[in-house]
1. Taking just the alpha carbons, could you work out the radius of gyration and Dmax for the stretch 34-84, both in angstroms?
2. How much length, in nm to one decimal, is gained on full extension between Asp79 and Met53, taken as 0.36 nm per residue of separation minus their Cα-Cα distance?
3. Provide the packing ranking of 220-227, 88-95, 391-398, i.e. peptides ordered by the mean count of other C-beta atoms within 10 Å per residue, highest first.
4. Rank Ser285, Ser42 by accessible area, highest first, at a 1.4 Å probe radius?
5. Accessible surface of Met255 in the full protein assembly, 1.4 angstrom probe, to the nearest 10 Å²?
6. Mind listing the phi-derived Karplus ³J(HN,Hα) values for the stretch 108-122, rounded to whole Hz, using 6.51, -1.76 and 1.60 with θ = phi - 60°, and x for any glycine or proline?
7. Two decimals is fine: what's Rg over Rh for the stretch 1-152, C-alpha atoms, Kirkwood radius as Rh?
8. Each residue of the stretch 314-320 in order: what ³J(HN,Hα) in whole Hz does its phi give by Karplus 6.51 cos²θ - 1.76 cosθ + 1.60, θ = phi - 60°, with x for Gly and Pro?
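The values are calculated or read from the model by the stated rules, or taken from the named source; none is laboratory data. None of the values given here were measured: they were computed from a predicted structure. In this analysis, Cβ positions are derived from the backbone assuming ideal geometry, glycine residues included, and neighbour counts consider all displayed protein chains. When the accessible area is computed, the model is the full protein with side chains, heavy atoms only, and any ligands, DNA or RNA have been set aside. Shrake-Rupley method; radii C 1.70, N 1.55, O 1.52, S 1.80 Å.
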Amino acid sequence: METHPFAAAPAGGPGLESLPVEPLLTSEFDVDPGGVYERLRSTYGPVAPVGLMGVPVWLVLDYREVLEVLRDESVWRRDVRHWRARAEGRLPRDWPLLAGYEVRQTMFLDDEEHRHARLSHHSAMRPFQDGHSPEGWELRAAVARYADELIDVLAAESGTTGFADLAAQYTRPLLLMVTTKLFGCPVELGDEMVMDLWRMLDGGPDAGAATGRALGAMTRLAAHRRSRPGEDLTSYMLLSDPTLSDEQLGRELFMNAVYLNDITGNMVCNTLLEVLRGNATVRRSLSHGQLGETVNRAALVNPPTANLCFRFAARDVRLGNYWIRAGDIVSPSVAAAHRDLLAMGSSQLVDSAVSTRAHLAWGAGAHQCPSAARELAGTVVTTAVGRVFERFARAELTLPPDQLPWRSGPVVRGLRLLPVRYELVAGSGGRGAGRTVPGGRRGGEVGVPVASTAPPSASVGADASSAGERAGSGVLGVLRRMMSRGRKSG
Ligand code: HEM
């Protein structure tokens, strides 16, 4: 590789702030992020200085360097207080990304504080992790049931053949229903929270206020479950760490809600897209019944968290062709790193069942997605995708893949729409037709008919499950109202 002018610069050489940077979030990036990553890589090497909404940031592009940043927590810190530009008051006051980073929760903690907070997530999620506990079984059954309810709504409103947006009419509502169920939201809170998360995730003009309201709603949910515990994630977080205040728990739930809604939803849509657009290896894994592998392959092509959360250098350190200064901000790009894996060629990677595990869509190192959350997300994604392919006899994109509209933010890359022409399986328009829930631990096989499967124990808490049920129909109610509002205004 060519030597860059700053390759040998000692720590006294030019810093990030003095380098010319090109803005990352351009219309070109919106349409073809892969092309932008390639251009940056050929200009700067494995690490490039870019502008993010007016603030200079190091974007880490190569797989090796991304892995190094994710794994070495002694150098690459998560606490925003390590950021020199912030500490020196040099950030624009209204920089839109700062508010999120100021919310102190597990993701933005280091060392012992981080390990302690992460443990609470682990033990609270464990009961939902697989299908062998009452909570895990109930959640899996609920995901399949919600998916079927949404497909039933589609059949009732648009017919057994027609057009649908699988992002807006299926994936997003499904994930909101699952969140309501998992978190144990009572109906009133659920409807309010659902609407605000949508506003926040869509980044509209009132996103800041909606974020504040969503945080407030999560804090109220924490207080509610403290006084009325159930078999839900909120109550289990409190059980695993009773010292958590309502505000602290609200912040942790808020982050989980973002992952469960936006990120998991993107994983569902991206997987559906890879199958619908005819990605041969993805389709092959699907036709071999390896749904988990289908998701892995889709995550490799289009990771839902394209660029991971910022890290801050604890000391001057060499990365790629540059010296990164203590307190500099870096953004590890999983999407760019995956291009390295894909470039290794089909014989080594894309056709191999084993090597797709090298993908970084779950992160790596101390802050990687907790195993229980991965199991949970894997179940939701495989069930959501599995139900579509069981209940739809035919589904084809109504737009060429390169004309689909994407939301390309500094962190997330997700589809705005997933428009299809569909035909449901005959007899699938009614409620309960061919309903299944995933049966096993390994996520990937869509499996056991509900009717012939009993929960491991009959005693799933009445409050939690009935709240979930009521909440599920509450969300459906909101959706129906939104859909009919949309039709009237459209
Ligand atoms: C397909 C869906 C998901 C994907 C692709 C995903 C991906 C990730 C990634 C990449 C990270 C690390 C971020 C970083 O290092 O900057 C992460 C962290 C995390 N995820 Fe997930 N996630 C998913 C679903 C979930 C769900 C459903 C939950 C919980 C309900 C969850 C909870 C967490 C938590 C608590 C962390 C922070 C861990 C820490 O900082 O120690 N994730 N996730």
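1. Just the Cα atoms of the stretch 34-84 yield Rg and Dmax of 12.2, 33 Å.
2. Result for the pair: 7.3 nm of gain on full extension.
3. Highest to lowest by the protection proxy: 220-227, 391-398, 88-95.
4. If we order Ser285, Ser42 from most to least accessible, we get Ser42, Ser285.
5. My reading of the accessible area for Met255 is about 20 Å².
6. These are the phi-based 3J(HN,Hα) values: 10, 10, 10, 6, 4, 4, 5, 4, 4, 5, 5, 4, 4, 4, 4 Hz.
7. Using only Cα positions, Rg/Rh for the stretch 1-152 is 1.08.
8. With the stated coefficients, the stretch 314-320 comes to 7, 8, 4, 8, 8, 9, x Hz.
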